[in-house]
Amino acid sequence: MGVLSTTEFPLVDHHCHGVVTAEQDRAGVEALISEGGAPPAGETNFDTPIGLAIRRHCAPLLDLPPHASPEDYLARRAELGTAEVNRRFLAATGTARFLVDTGHNPSGLTTPEQITALTGSPADHIVRLESVAEALAADGVEPDEFGEAFASRLAATVAETGAAGVKSVAAYRTGFRLDPAPPTDAEVTTAAARWLGTGGTRLADPVLQRLTLEAALGLGLPIQFHVGFGDSDIRMTDVDPTLLTDWIRRHRVPVMLLHCWPWHRQASYLACVYPNVQVDVGSVLHYVGPRRSVEVLAEVAEVTPFTRLLYSSDAYGAPELYVLGAHAFRVALAALLRDRVESGEWAAADAERIGHLVAHGNAERVYAR
Amino acid sequence: MGVLSTTEFPLVDHHCHGVVTAEQDRAGVEALISEGGAPPAGETNFDTPIGLAIRRHCAPLLDLPPHASPEDYLARRAELGTAEVNRRFLAATGTARFLVDTGHNPSGLTTPEQITALTGSPADHIVRLESVAEALAADGVEPDEFGEAFASRLAATVAETGAAGVKSVAAYRTGFRLDPAPPTDAEVTTAAARWLGTGGTRLADPVLQRLTLEAALGLGLPIQFHVGFGDSDIRMTDVDPTLLTDWIRRHRVPVMLLHCWPWHRQASYLACVYPNVQVDVGSVLHYVGPRRSVEVLAEVAEVTPFTRLLYSSDAYGAPELYVLGAHAFRVALAALLRDRVESGEWAAADAERIGHLVAHGNAERVYAR
Amino acid sequence: MGVLSTTEFPLVDHHCHGVVTAEQDRAGVEALISEGGAPPAGETNFDTPIGLAIRRHCAPLLDLPPHASPEDYLARRAELGTAEVNRRFLAATGTARFLVDTGHNPSGLTTPEQITALTGSPADHIVRLESVAEALAADGVEPDEFGEAFASRLAATVAETGAAGVKSVAAYRTGFRLDPAPPTDAEVTTAAARWLGTGGTRLADPVLQRLTLEAALGLGLPIQFHVGFGDSDIRMTDVDPTLLTDWIRRHRVPVMLLHCWPWHRQASYLACVYPNVQVDVGSVLHYVGPRRSVEVLAEVAEVTPFTRLLYSSDAYGAPELYVLGAHAFRVALAALLRDRVESGEWAAADAERIGHLVAHGNAERVYAR
C-alpha cells in the first residue's frame, strides 16, 4: 500500500449528518465546532484540541498556511463562502459512500442527495426512530393506534427513502436502563396517551422507546445506537452500552454502537462476545485530534474483531468535522497497522486487508441489501 | 537479567483452567479462541487480535513460519495431534507452578495432575465455590441444612484436593451489588429452599452467593473473584470491583481480583488502598495481543503496589491461550521495566526485583501455606 | 521556551493541603506516602510507583544519589529534620501560589500562612463545607436554625479567611447520586435534627450535603469537588462526576473537578460541554509517577478545552508529595506540548501559550476576585 499509509483507502462513513449551507460568522463557526456550543466570555473554542486541529489541517484547504490564526482562518472561510468551503472539505475526505442520519435538526443541513451532488459519492438515508415517532405525533394519532401506526410509518419512511438503516437516540432520551422485553399493547397505549397528552414532542418515554426498537427489529435493517460522547443533553452513567446486554442477547439484527467514548472498551467487549455487534469511535476522533485518535482507536481495537470495527465521522454541520473525522481516522488506522507490521506481529498483507475491512469493507457487508 | 528481558523469569500462573485433550477441527479451535464462541457466517475468529497473535507466535511452535495462514496452521495442528500440541505449547510458557480452577466444565479438560504430567511443574487446585454448592445440591440436601452442609463440603473439598485457594464467579451469577453482611440462617434456609426447589443447578442467588463467601472466609485461603472481561454471560456494569468495597473492608483474607479489564484501574485503586487486595490482568492480555498488553499492564500498574500485582493466564481449553497469555505478559512486563530503567526512573536492580515479584514472588507469598 | 521544557513555568497549585511539621519515623513517612496507610507486614510502601519516584526524585534534594535505598533516604531525612526538608521540598516545586484546603485534619499541618512563610509564595484558604457544618454542630445549633446558621457561618468563614473558594467532599460522604434541587426548609430541619441528635460529627447526610452546596452557590466562589481517587473511604461507583450532571446544568458558578482518575475522561466530557466546569488530575499524578503521568494527563486533555484544565498537587502531609506532584505535572505537560509541536500539529507559540494557561493562567482567571 504500503501498509504505512491509509491515505488512499476509500471510506464508508456509516454515520454522519448534513453540512450547513448558510454563511457562518465567527459565533456560528465556534458553536459548530464544540459539543458545548458557544464559548463563555474570555474563551474561544479554538483553544481546544479540535480548534487547533482545524488551524493545522483545514487552513491549508483554504490556501492558508498550517496554524493560521483563527482570525485569518475565519476571514478566508467567509471570503470563499460556505458552498465552496463545503465542496473543498467534503472532497478532501475521500469518502466513497455516506450514510446520513437525517433526523437531527435537518433544516439548514444538506440532504443525502445534496451530499451526493457536492461529492459525487452515493449517500444513503439513516432514519431516526424518534423523529418518525414525533412526526407521527405531529400529524395526529390515537394512543391505542400508536403502536401499529408507528410500525407502518417507519416501514413507509424506510421504503420511501431506501434507507440503509435506522438509528436510536435512546441514549439522549431515556438512557439504556430499559426493560429488554417488548412492551405490551396496553403499556404502549398508556404511554402514548401520556406523551401525546403533553404535546407529543421530544419522545423520551421508556415504553415508547422500547416500542420504536421493536418496530425497528421488524425491518431487519442495522440499528444504530448513539453511545457515549455527544452534546450536553446526556447522562453518561446511563449510556454505558453494556446496559444493553440483555436487549442485544435477544436479537440477531446488526447492532451498530456509535462513538462510544468513554465507554469504548465496554463497547468493544460487546463486539467481542456478540457476533451481531459492531462498533466505531466516530465523533470523538475529531474532537480529540489526530494525536490522541491513535490511542482511542487502539483501545477500541483491543478486543473488537476486525470484522466488526467500522468508520464513521458523525460529522454535523461544520465541514471541518468531515475533514478532521476522516483525517484523524486515517492517521489512527495507519498508526495501528504500521505498529503491528513494524513490530513483526502482522504480515503486511494482513494489515492491508484488515485496514480495508475497517475503512469500508465491514460497512459494505453490514449495509448490503 | 538484563532488565530488558523477562524471557527467563519463572511464572506462577495463579489462575488458569485445564486444556482440552480431544482432537479439534477448525470449528472447535475457532470456538476456543474467542470469548464469543463460533464466528458468524462469513467471519473467522482468526480476524481478531488473538487470531493474528496465534498465527504469529504459535505457528513457529508447530514448525511453521510466523504468519502462517489459518489453513496451514490448522492442518499442521491436526497433523501433530492435540497431545503433542499441548505438550509443546505448555512447555513454551515457562510456568513454574499452575493454580488450576477445576470448576468450569472440567470434563474433557486436563486435571491439575495431568498438567503436572504434561509440564513437570506442580499444579494446585483452586476450588470454585459455586461448583461445590451445585454438587451438594445434586447429592441432595435439606434447605435448613444447606448452610452447614456447604461449609463442611467446602472444607472437605479443600482438604481433599489440598487446594491453594477458592474462587467465586459471583460476577457471572449475581454481580457484585451484594449486601456485604453474612446472611442469617433463616435467609439461607429460605433461599436454599427456593433454589433447590427449582432444581439446584447454576447457583445465582444473592443470599447463597453471600453464604459461599462467608464459608470461604472461614478457611483463611485466598479468595479469587472473576472480575470484568470474560464470556458473554455477564452484565459488565454489575462487576465493577469497587462494588465489593464494603465487603472487602470487613475482611483481612487475601482478595484476588482476576482479569479486571475494562475495570482494571478500579481494581488497582482497591489494591492501592486495601492491603489485602491483589490484582492481575489475566485473560485479557492474550485477547488484546502483545502490542496492547503493554498498555493494559501499564494501566493496572499505575497505582497498584508492586507487591500486589500478579500474573495469571486464565487460559482455558486451547493450548494457544497458555502460550499467548505468558508471552503477552512477559512482553508487557519487560516493556514496563525497560521503560522505567531507560528513562532513569528506576535502578536496574529494583526493576529486576520488582519483575520477579510480579512474575512469581507475590503469588508465592500469597499462596504459601 | 523552548516548548520542550516546562521547568520554568510558574504553577498555581489550586488544591493542596498543609505539610506536617512534626518529625517522622519510618512508619510515619510510610503512612503519609500511600492512600492506603501503613503497609502490612512484609511489604513496604516504597515498593509502589510513588515510593520509587521518591527515591529517584526526592533523594537528590537531600544530597543523596538518585535511587538511594529507603533506609538511606529515611536516615538522611531524619538527620536534616522536618523543617529543613519541608523548606527544600516546597521550594523545589516552583509554585507561585497555593490554594490550601484547611479542612482535613489540619492539626499538625502547616496553615496557608505557614506555607507562605516556608516558600515566599502567597497561599489562599479553601474552605471545606463539611468542616464548617461540623464546627457549627460542635458549637451547638437548633435543627430549625441549621440552614440559616450554616449559610451565615460559611459566609463569615470565607470573609474572615479571604478564601478563594470552597470545597465539597460529598464524594466521601454521600457520593454524587444527590437530588440536584435544593432541599426545603422542612427537609433541612428534619435532617439536621437527625444528624445533630446522633452527635453532629462527620456530616454524611444527603439533605445536608445539598444544603451546603446551596449555601456555597450563594457566595459565587468556585466550588471544588473531590472526585475519584483518594483514600479508602469512598465508593468509587458513586463518584463518577457525570452523576453531577443535573446539578451542574442548574448553575453557572465555576465547578472545579479535582483528581478525577479513574473517571478523568468522564470529567473531561463535562468540561467539554459545560463552560463552567474545570478539571485537574491532581493527586493521582504523583501516585502514578512521572512515566504514567504523561498518559493520564493526555487522557484528561483529550476533549477538555485548554482553558478549563488546571494544575493541582493535592499534596497532603508529606513534602515529597509536593515535589512529585509538581514534577509529574511538569513532565506530563512538557510531553504533551512537545508531542504536539514535534508532530507538526501545533505551532510552538500556541504550545507555549497553552502550557502557561494550564500551569497557572486558567487558575488565575477562575480564582480572580
Counting only heavy atoms of protein chains, what accessible area per residue, in Å², does chain C have with a probe of 1.4 Å? 32
Just to be sure I understand: if you take the accessible area of chain C alone plus chain A alone and subtract the pair, with a 1.4 Å probe, what total do you get in Å², rounded to 100? 3100
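Just the number, please: carbon plus sulfur as a percent of the accessible area of the protein assembly as shown, 1.4 Å probe, no ligands or DNA/RNA counted. Please list the in-between numbers first.
Working: 18480 of 35440 Å².
Carbon-and-sulfur percentage of accessible area, whole number: 52.
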Can you give the calculated 222 nm mean residue ellipticity of chain B, where each DSSP H run of n ≥ 4 adds -39,500 (n - 2.57) and the sum is split over every residue, rounded to the nearest 500 deg cm²/dmol? -13500 deg cm²/dmol
Between the chain alone and the structure with every protein chain in place, find the residues of region B:307-350 that drop at least 20 Å² of accessible area; heavy atoms, 1.4 Å probe. B:THR307, B:ARG308, B:ASP339, B:ARG340, B:SER343, B:GLY344, B:GLU345, B:TRP346, B:ALA347, B:ASP350
With a cut-off of 16 Å, note down the residues of region C:174-198 whose backbone N falls inside the zone around a label point 7 Å from the Cα of C:ASP231 toward its beta carbon. C:174
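Net charge within 12 Å of B:PRO183 by Cβ-Cβ distance, Lys/Arg positive one each and Asp/Glu negative one each, not counting B:PRO183 itself?
On the way: positive: B:ARG210; negative: B:ASP179, B:ASP185, B:GLU187, B:ASP205, B:GLU214.
So the surrounding residues net to -4.
Under 13 Å from the Cβ of A:GLU84, count the other residues' Cβ atoms, weight Lys and Arg +1, Asp and Glu -1, and hand me the total. Each step should come with its number before you reach the end.
Details: positive: A:ARG76, A:ARG77, A:ARG87, A:ARG88; negative: A:GLU23, A:ASP63, A:GLU79.
Neighbour charge sum, excluding A:GLU84 itself: +1.
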Given Cα pairs under 8 Å that are at least 6 residues apart, what percent is the relative contact order of chain C? 21
Where a ≥ b ≥ c are root eigenvalues of the Cα gyration tensor, a/c under 1.5 meaning rounded, otherwise prolate if a/b exceeds b/c and oblate otherwise, region A:24-80 counts as prolate
Helix B:82-92 against the longest principal axis of chain B: what's the angle in degrees, Cα atoms only, rounded to the nearest 10? 80
Tell me the distances, shortest first, between C:THR201 and the same position across the other copies, using label points 7 Å along Cα→Cβ, in nm to one decimal. 5.5, 5.5
Heavy-atom accessible area, 1.4 Å probe, ligands and nucleic acids excluded: residues of region B:28-45 down by at least 30 Å² from chain alone: B:GLY36, B:PRO40, B:GLU43
B:ALA117 versus C:ALA349, label points 7 Å from Cα toward the beta carbon: distance in nm? 7.7
Give me the net charge for the shell around A:VAL281: Cβ to Cβ below 10 angstrom, other residues only, Lys and Arg +1, Asp and Glu -1. -3
Under the 7 Å Cα-to-Cβ spin-label approximation, B:ASP339 and B:ASP25 lie apart by a distance in nanometres of 4.5
Members of region C:275-298 that become less accessible by 40 Å² or more once partner protein chains are added (1.4 angstrom probe, chain alone as reference): C:PRO275, C:ARG291, C:ARG292, C:GLU295
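Using a ≥ b ≥ c from the Cα gyration tensor of the protein assembly as shown (square roots of the eigenvalues), is it rounded, prolate or oblate, where a/c under 1.5 gives rounded and otherwise the larger of a/b and b/c decides, a/b for prolate? Show your work: numbers first, answer last.
Numbers: a/c = 1.24, a/b = 1.00, b/c = 1.24.
Because its axes are fairly even, with a/c under 1.5, the protein assembly as shown counts as rounded.
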Considering every pair of different Cα atoms, what Kirkwood radius, in Å, is found for chain C? 21.1
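Percent relative contact order of region C:24-80, based on C-alpha pairs within less than 8 angstrom and at least six residues apart?
26 percent.
The values are calculated or read from the model by the stated rules, or taken from the named source; none is laboratory data. All of these numbers come straight from a predicted model, not from anything done at the bench. Reconstructed Cβ throughout: ideal geometry from the backbone, glycine too, with neighbour counts over all protein chains shown. For the accessible areas, the whole protein counts, side chains as well, though only heavy atoms, and no ligand, DNA or RNA atoms are used. Shrake-Rupley method; radii C 1.70, N 1.55, O 1.52, S 1.80 Å.
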